[in-house]
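One structure is given below, encoded as structure tokens.
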Amino acid sequence: MAAMIRKVRYTELMEGMLIGEVTELSMDYTMLTPETLDFVRQYFAGAKARVLEEAGEKILPVGQLKPFDQLQGIAEIPSQSAIAKVSAKSGEFLGRHGLLEFMVRIPKEHMEGMPSGERLKIGSAEARRLHQMRLDEARKLLSVMQKAPEQRARASSAVEELLEMGRQGKISARGVEEVVAEIINTGSTRALKALAGLKSSDQTYAHCTDMAVILQDVYSEILSLSGRGAAAANKRFALVAGFMHDIGKSEVPREVLESRERFDPDSKEMYLLRNHVTYGAKILQDLGMPAQIINVAHYHHVKIDQGLLNSYPQVKYDNVLPMTRLAAIADVYQALIGRRSYKRNWVPGKAVEYLMGLAGTEFDKKTLEMFIKVMGKYPVGSLVRLNTGDLGFVMALGPAEFPERPLVAVVENASGEILSSHTLVDLMLDPEVGVEEVVDHYDHYNQSEDQAFNLFMSVNAI
Ligand SMILES: [Fe+2]
Ligand SMILES: [Fe+2]
């Protein structure tokens, strides 16, 4: 009987399908913990594992997997095994365990009326349904946005205070934890992340705030893509880890920290600067912080290629936990978009492009792919010019299949007039309208971040 092989997400699994391969796994599998390993061994006995090693990908029997292997996929799943036969509960079960995409055999009688057969098209009924969700997302962003600048300032002073306390040898994380709780409660990380891209933040503390909200937003988004959602504790961890990742800088003399000089790699200053990671780990250990948070502070500068000058400390890459790998990317991304004074800064869309070039040498490829996927081609808050000549801010990302088609609030028309009431253009609705280019908001608005920022804050299109 004719059957068809197709790639499906866990949400598209239907009774009667037969799973042959797992082609995408959530981030937890980039380093197998003993629990995930037990799960894989139990359910995929007899299958083959695709594992990433330094030399490249290796295929080995699932029984030979070891803790901390980097699992990329599972192949040759025995067709008689229970996990291969899709039941009504399979999708939910597999998604919950971080197994996201599969190659399946679909028996012919199942092929009619398959939802995945109908791809999302621009202007289709599906696109209109999605449009409502995207509007909701933009509305949510706007509703918390007014609070965001004040929260950002408060978070930055909490980090500043923390570093100051560190300098005086007494430290308490209370201030930071309060801000963290508030940000989580108001659900404003998305708005704070948009601000990070619009207004530069040169000092260490503002860097930590912006990096933290980027890390937290991306981390939660990755977890929710995997179908499990981020537990509140994990969201908090990501935020705290971001705020505290450079806490060790409190042990570095201020004049070294604030110097614009490029220090020699062998200089005493460089030694001190690089050691902020060890100091940081020690401080957090003394505070009794969870291992995951300490790992971020300790290893956020470790690169895959340890021969790189900017990779430190020397440690096996396996020790760098998934959240830390993500933190390393968020750290560099924030540094790119956040500094205006001595280096041209990058608009978010360009920074994402730049990061892509660092896959495999600096950053773990899979983590970077997820970071980019979640940030979007045009991150929220980016200023883009449409092919109609209109200029607007991205308010919601394009769907996964159409990352180049975000939802845009038009703030300036083709003749350069700044508008006082704004229209939302969903690029999924009309195939004729698209993004022409990313515009540097700083250059465009007379070398003034404030003007771009105020304009973004004034968006009233809903
Ligand atoms: Fe750092
Ligand atoms: Fe940093």
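The values are calculated or read from the model by the stated rules, or taken from the named source; none is laboratory data. Every value quoted in this text rests on a predicted model; they were computed, and no experiment measured them. Cβ atoms come from the backbone with ideal geometry, glycine included; neighbour counts cover every protein chain shown.
Among the conditions (1) modelled with pLDDT of 85 or more; (2) of a type in the set (A, V, I, L, M, F, W, C); (3) more than 29 Å from the chain's Cα centre (by Cα), the only one that Leu94 does not satisfy is (3).
Of all the residues in the range 307-333, those that are away from ligand 2 (no atom under 16 Å from the Cβ), of a type in the set (S, T, N, Q) and in a helix (DSSP H, G or I) number 1. When we screen Asp318, Asp305, Asp286 for residues that are within 23 Å of the chain's Cα centre (by Cα), more than 25 Å from Asp217 (Cα to Cα) and not aromatic (Phe, Trp, Tyr), the only hit is Asp305.
Quickly run through the range 392-432 and pick out the residues that are of a type in the set (D, E, K, R) and in contact with a Pro (Cβ under 9 Å, 6 or more places away or on another chain). Selection gives Arg405, Asp426. Report whether or not Ala297 is touching a His at 6+ places or on another chain (Cβ under 7 Å), within 13 Å of ligand 1 (Cβ to nearest atom) and closer than 30 Å to Arg96 by Cα. So Ala297 fits the description; yes.
The residues listed here are Thr189, Thr204; of these, the one that is β-branched (Val, Ile, Thr) and modelled with pLDDT of 85 or more is Thr189.
The selection criterion, being out of contact with any Lys or Arg (no Cβ under 6 Å at 6 or more places or on another chain), away from ligand 2 (no atom under 12 Å from the Cβ), among the aliphatic types (A, V, I, L, M) and outside any loop (DSSP other than H, G, I, E, B), does not hold for Ile304.
Considering the conditions (1) away from ligand 2 (no atom under 16 Å from the Cβ); (2) touching a residue at least 24 places away in the same chain (Cβ under 8 Å); (3) not in a helix (DSSP H, G or I), Lys170 is excluded by exactly one of them, (2). Return the pair list, or none, for Cβ contacts closer than 9 Å from residues in the range 208-234 that are farther than 13 Å from Ser188 by Cβ to residues that are at pLDDT below 70 and more than 16 Å from ligand 2 (Cβ to nearest atom), at least 6 apart or on different chains. From the range 208-234, the pairs are Tyr219/Ala230; Glu221/Ala230; Ile222/Ala230; Leu223/Gly229; Leu223/Ala230; Leu223/Ala231; Ser224/Ala230. Against the criterion of being outside any helix (DSSP H, G or I) and not hydroxyl-bearing (Ser, Thr, Tyr), Gly416 qualifies. Taking the range 50-110 and the strands (runs of 3 or more DSSP E) fully enclosed by it, the elements with 3 or more residues that are surrounded by fewer than 20 Cβ atoms within 10 Å (Cβ to Cβ) and touching a Gly at 6+ places or on another chain (Cβ under 9 Å) are at 99-107. Would you check if there is a residue in the range 363-378 being assigned to a loop (DSSP other than H, G, I, E, B), without any contact (Cβ under 8 Å) to a residue 12 or more places away in the chain and away from ligand 1 (no atom under 16 Å from the Cβ)? No: the range 363-378 contains no residue that is assigned to a loop (DSSP other than H, G, I, E, B), without any contact (Cβ under 8 Å) to a residue 12 or more places away in the chain and away from ligand 1 (no atom under 16 Å from the Cβ). From the list Asp430, Asp440, the lone residue that is among the acidic types (Asp, Glu) and under 27 Å from the mean Cα position of the chain (by Cα) is Asp440. Screening Ser172 against (1) within 16 Å of ligand 1 (Cβ to nearest atom); (2) over 22 Å from the mean Cα position of the chain (by Cα) leaves a single unmet condition, (1). Lys350 meets all of the listed conditions (1) charged (D, E, K, R); (2) surrounded by fewer than 22 Cβ atoms within 10 Å (Cβ to Cβ); (3) under 17 Å from Thr30 (Cβ atoms) but one, namely (3). Residues that are part of a strand (DSSP E or B) and under 29 Å from the mean Cα position of the chain (by Cα) within the range 40-49 comprise just one, Ala49. Does Asp430 meet the test of being loosely packed, with under 15 Cβ neighbours inside 10 Å and either modelled with pLDDT under 90 or basic (Lys, Arg) (or both)? Criteria not met by Asp430. Among the residues here, Leu308 does not qualify as away from ligand 1 (no atom under 14 Å from the Cβ), under 22 Å from Lys170 (Cβ atoms) and surrounded by 13 or more Cβ atoms within 10 Å (Cβ to Cβ). Tell me yes or no: at least one residue of the range 236-247 is away from ligand 2 (no atom under 16 Å from the Cβ) and either at pLDDT 90 or above or of a type in the set (Phe, Trp, Tyr) (or both). Yes, there is a match, as at least one residue in the range 236-247 is away from ligand 2 (no atom under 16 Å from the Cβ) and either at pLDDT 90 or above or of a type in the set (Phe, Trp, Tyr) (or both). Report whether or not Gly288 is on the phi > 0 side of the Ramachandran plot and of a type outside the set (Lys, Arg). It is true that Gly288 is on the phi > 0 side of the Ramachandran plot and of a type outside the set (Lys, Arg).
For a quick check of your reading of the model, give me the residue pairs whose first member lies in the range 263-282 and is in the same structural domain as Pro253 (by TED's automatic domain parsing), whose second is β-branched (Val, Ile, Thr) and not in a loop (DSSP other than H, G, I, E, B), with beta-carbon atoms closer than 7 Å and at least 6 apart or on different chains. What qualifies is Glu269/Val256; Leu272/Val256; Leu273/Val256; Gly280/Ile247; Ala281/Ile294. Filter the range 318-338 down to the residues that are without any contact (Cβ under 8 Å) to a residue 60 or more places away in the chain, surrounded by fewer than 22 Cβ atoms within 10 Å (Cβ to Cβ) and within 11 Å of ligand 1 (Cβ to nearest atom) and list them by number. Across the range 318-338, the qualifying residue is only Val332.
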